[in-house]
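What follows is a single structure, written as structure tokens, with notes after it.
Nothing in this text is a laboratory measurement; each read-out follows from the coordinates by a stated rule. These numbers were taken from a predicted model, which means no experiment stands behind them. Every residue, glycine as well, gets a Cβ built from its backbone with ideal geometry; the counts of neighbours run over all protein chains shown.
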Amino acid sequence: MPVIDSHHHFWNFTEADYGWIPPEWSMIRRDFLPSDLLKEIAAAGVDGVVSVQARQSLLETDWLLGFAAQHAFIRGVVGWLPLIDPAVETHLDNYAANPKLRSLRHVLQAEADDAYMLREDFNRGISALTRRGLAYDILILERHLPNTITFVDRHPEQVFVLDHIAKPRIATHELEPWAKNIRELARRPNVACKLSGMVTEADVATWTPAQLQPYFDVVIDAFGPARLLFGTDWPVCLAGVGYGRWKQIVEQALRTLSEHERTAVLGGNAVRLYRL
């Protein structure tokens, strides 16, 4: 079974497009392209990747699908389409036939309305995904979990993949109410979770693997090895941890699992859930 990094980004850096990257993260305020990632995965023993949108535009989706067509190691794309657009069915008809488009994502965490995911037009868009067999990546902060549970319950047949374990408040060592809500969300069998994005929710200068372990423990117990996916969130992760080092940390966190279970988390689940 291949090792799959289920979550990374590419970008040509501009302040206008990536102003969310703080000045102190100067190491990632530059371009990151397939040639850069290929070096990282070769050194870390990763066989393939899933490229995830970082801008909310059709141009971004086209750009990522273009890279995927050129590079075999890009196994799939999590793109963006305007799910609230009345013409969403037309957009999906135009894109869903591309074999590399495996999921869509909207930056819900950045919406001013914490209940954006409950909008009727947004949910009509999600229903259109379900009919076409595409997954949906959920990008939220931990405060959005109660609304996310309501949202997921509207779509019991939709495959959902939760990004970055819902971004708990690791920097302040807070487990609750995140842990309670994540366990409740995990009761829905159509939801999986990515082991990614954790270091940048801690203090990037002072975090330790021991600080992350309680959060690993919660999601491993809640979702089980059949619904967890390894992801790096490269190049965002570079603000606090190197690519290969993050893979080692995830492998260490999975040490109590069987070899078969670890293999599933490190790649098999991504292959199955994203239909790579």
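Considering region 257-276, the residues that are in a helix (DSSP H, G or I) and among the charged types (D, E, K, R) include one that is farthest from VAL191 (Cα to Cα), namely GLU259.
Test ASP163 against the criterion of being of a type in the set (Asp, Glu), out of contact with any helix residue (DSSP H, G or I) (no Cβ under 8 Å at 6 or more places or on another chain) and buried (at least 22 other Cβ atoms within 10 Å of the Cβ), and give yes or no. First the steps, then the outcome.
On the way: of a type in the set (Asp, Glu): yes; out of contact with any helix residue (DSSP H, G or I) (no Cβ under 8 Å at 6 or more places or on another chain): yes; buried (at least 22 other Cβ atoms within 10 Å of the Cβ): yes.
So ASP163 fits the description; yes.
When restricted to residues that are surrounded by fewer than 18 Cβ atoms within 10 Å (Cβ to Cβ) and either in contact (Cβ under 8 Å) with a residue 40 or more places away in the chain or of a type in the set (Phe, Trp, Tyr) (or both), region 4-20 contains 3. Looking across region 28-60, the residues that are within 30 Å of ARG262 (Cβ to Cβ), surrounded by fewer than 18 Cβ atoms within 10 Å (Cβ to Cβ) and of a type outside the set (Gly, Ala, Ser) come down to PRO34, ASP36, LEU38, LYS39, ASP47. Residues in region 213-256 that are over 18 Å from the mean Cα position of the chain (by Cα), outside any helix (DSSP H, G or I) and either surrounded by fewer than 15 Cβ atoms within 10 Å (Cβ to Cβ) or on the phi > 0 side of the Ramachandran plot (or both): 2 in all.
When ALA202, ALA179 are checked against the criterion of being over 30 Å from LEU33 (Cα atoms), aliphatic (A, V, I, L, M) and out of contact with any Asp or Glu (no Cβ under 7 Å at 6 or more places or on another chain), a single residue qualifies: ALA179. Before we move on, is ARG75 among the basic types (Lys, Arg) and in contact with a strand residue (DSSP E or B) (Cβ under 6 Å, 6 or more places away or on another chain)? Yes, satisfied.
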